[in-house]
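Report on the following structure.
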Amino acid sequence: MKENIEDMIIDLKNLDSMDPEMIMNDYLNEPYDERIEYANNDKSQSTNSTTPTCWGTLQDEEFVPAFKSVDKVPAGIYEIVWNRSLSQHTIKKQPFKTDELYQLPSYEIQDILKDIQNFWDRRDKYREYNFVHKRGILMYGEPGCGKSGIIQLISKQLIENDGIILNIKDHDDVEYFIDFIATFRKIEPNRPLIVLLEDIDSIAGESNHSTSKLLNILDGVKQIEDVVYIATTNYPEKLQERITNRPSRFDRRYKVELPNDEIREAYIRHKLKEEDLENVDISEWVRRTEGMSLSHLKEVVISTIVMGREFEEVMENLEGLKKAPTIKGSGKVGFGR
């Protein structure tokens, strides 16, 4: 079998001048495997993952070459993206590490996880009373207090229950979600779903044009079922009251506080190894880190244990970070002046 179309064209042009017997001999002498290449292309498919392997059905009995289909996407965290080559929205899986997650002895964490699990367990009760099976949770608090860590624990819990998490980061993602979610629900109508809205104030702030679209997602006419909306913000004052003070949008609000003594000690003990604990005064670390966030605690461990700096030096540096940096100068603007 000829390897390219140009060779075939040349052969066709020369066909009249060729001996028919010679043509038949060439064909019979050609390896059998090559003659059936187009009839059985399993070998080429196994070595090229970009080759379609089945047919997709369109309207009016039209068919299109397609890739391997699955009944449902694997559990995990996804982002909705626009695939230019396909001219349609797709969902792309995001990396998610669960081996380092640790549930701190926090009331907020325990109550949120319990509330969400109870929500999934009572799906039939929602339908019995003719309510849309959806939930909204808003977490707010100072930066670094652990809101992202709580989201990771919630995500881990849902992934273990074969659920999907969709991450909405900005205005474009809001548009993608509105355009795509109906398709997702047609394919997987009952899949447990969490929609993440981290830093919701950047998406739906006081004067943000995306606010009305986001409100329509949360409790508009075209509601989806089996979903929990989880939003976080460091600046709740930037959110309009129609977002923060309406149960049908966010049913529960949690203020994630700075970690207390018990939580700080639990975090430090979790991060340190046995040999580290023998050389560290835990009570001193807990006392000196009062009023600090989990992000600060992380830096204490990294600078002291990983980087090998003195604890006192690390604490002085962290306390110095509370002061905003300033530059005293002549007031002139520009480099080199």
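Quick notes on this structure:
- Viscosity 1.002 mPa s, 20 °C: Kirkwood-radius Stokes-Einstein D of the range 115-244 over Cα pairs, µm²/s: 140
- Dimensionless Rg/Rh of the range 243-323 - Kirkwood Rh, Rg from C-alpha atoms: 1.14
- Taking only the Cα atoms of the range 48-91, the radius of gyration and Dmax are 12.6, 35 Å.
- Length-normalised contact order for the range 162-303 - Cα pairs under 8 Å, 6+ apart - percent: 20
- Per residue accessible area of the range 166-241, 1.4 Å probe, in Å²: 44
- Across the accessible surface of the range 69-159, with the other protein chains kept in place and a 1.4 Å probe, carbon and sulfur atoms take up 48 percent.
- Protein accessible area in the range 198-323, 1.4 Å probe - carbon and sulfur %: 44
- When each of Lys134/Lys213; Lys147/Lys238; Lys97/Lys273; Lys68/Lys125; Lys92/Lys271; Lys97/Lys238 is checked by Cα-Cα distance, pairs over 28 Å: Lys68/Lys125; Lys92/Lys271; Lys97/Lys238
- Of the peptides 293-305, 236-248, the order by per-residue mean of other Cβ atoms within 10 Å, starting with the highest, comes out as 293-305, 236-248.
- By average C-beta atoms within 10 angstrom, highest first, the peptides 67-76, 130-139: 130-139, 67-76
The values are calculated or read from the model by the stated rules, or taken from the named source; none is laboratory data. None of the values given here were measured: they were computed from a predicted structure. No Cβ is skipped: glycine too gets one built from the backbone with ideal geometry, and neighbour counts run over all protein chains shown. Areas reflect the complete protein model, heavy atoms only, side chains present, ligands, DNA and RNA absent. Shrake-Rupley method; radii C 1.70, N 1.55, O 1.52, S 1.80 Å.
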